1. Report the FRET efficiency, 1/(1 + (r/R0)^6), for SER161 and GLN18, where r is their Cβ-Cβ distance and R0 is 35 Å, rounded to 0.05.
2. Label SER173 and ARG91 with points 7 Å out from Cα along Cα→Cβ: what is the distance between them in nm?
3. What are the ³J(HN,Hα) couplings of segment 161-172, residue after residue, when phi is run through the Karplus curve with 6.51, -1.76, 1.60 and θ = phi - 60°? Round to Hz, x for glycine and proline.
4. For the residue pair CYS79 and ILE30, what label-to-label distance in nm results when each label sits 7 Å from Cα along the Cα-to-beta-carbon direction?
Amino acid sequence: MALTEVDRSLLSRCLEHQPGAWRDFVDRFIGLFVHVVNHAAHARSVRLSSDDVDDLCAEVFLALLADDFGVLRRFGARCSLATYLAVIARRVVVREMARRRKAEALGHVPAHQASLDGTDSTALHERRVDDADEVEAMLGGLSDRDSRVVRMFHLDGCSYSEISQSLGVPENSIGPTLTRARGRLRRQNVRTESASTSE
């Protein structure tokens, strides 16, 4: 889809810092960014609170404002503005999710910000694992292909689609592979806890 005249005008107004332009831009695309945030979270089995969604949308807007609308100035008009912004937003959201998960794993996230992936213990192994030691534990006994799937999902933050395209494996085989790896880690943790209790 080509760039519409409405979006062309809105883009020009923003780049020229015209009064009210940024407010109009936010009103026009906030719905798109909320959709991108929710889609990215769903693809990664991440549960978000409404505050998380707001925070991630704010990160997208901050990225667009940086360097005097540097991202918007680089828009080449080879597609619709919405398509371009969706790609940018997804990159920002995925990067921010990975940063927050890593900070949470390292204990650097305040308690009130710890809801990004859900905080209940039953959800621990249903979300991405960012601790390298845990990922290595999951890899034990897996085939080379399955090991690469686990690494790409848990350490590189890739989506099922990206893993499928990169490794040439069916997208519907990735979920079962990750489930087997999580089950392996869960069983190892249970054995470790049982050994500790018996000592």
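1. That gives a FRET efficiency of 0.35.
2. Placing both labels 7 Å beyond Cα along the Cβ direction yields 3.1 nm.
3. Coupling constants for segment 161-172: 4, 5, 5, 4, 5, 5, 9, x, 10, x, 4, 6 Hz.
4. For CYS79 paired with ILE30, the spin-label model returns 2.5 nm.
Values in this text are rule-based calculations from the coordinates and carry no lab data. A quick note: this is a predicted structure, and the numbers were derived from the prediction, not measured. A quick note on method: Cβ atoms are made from the backbone with ideal geometry, for glycine too, and the neighbour counts reach across all protein chains shown.
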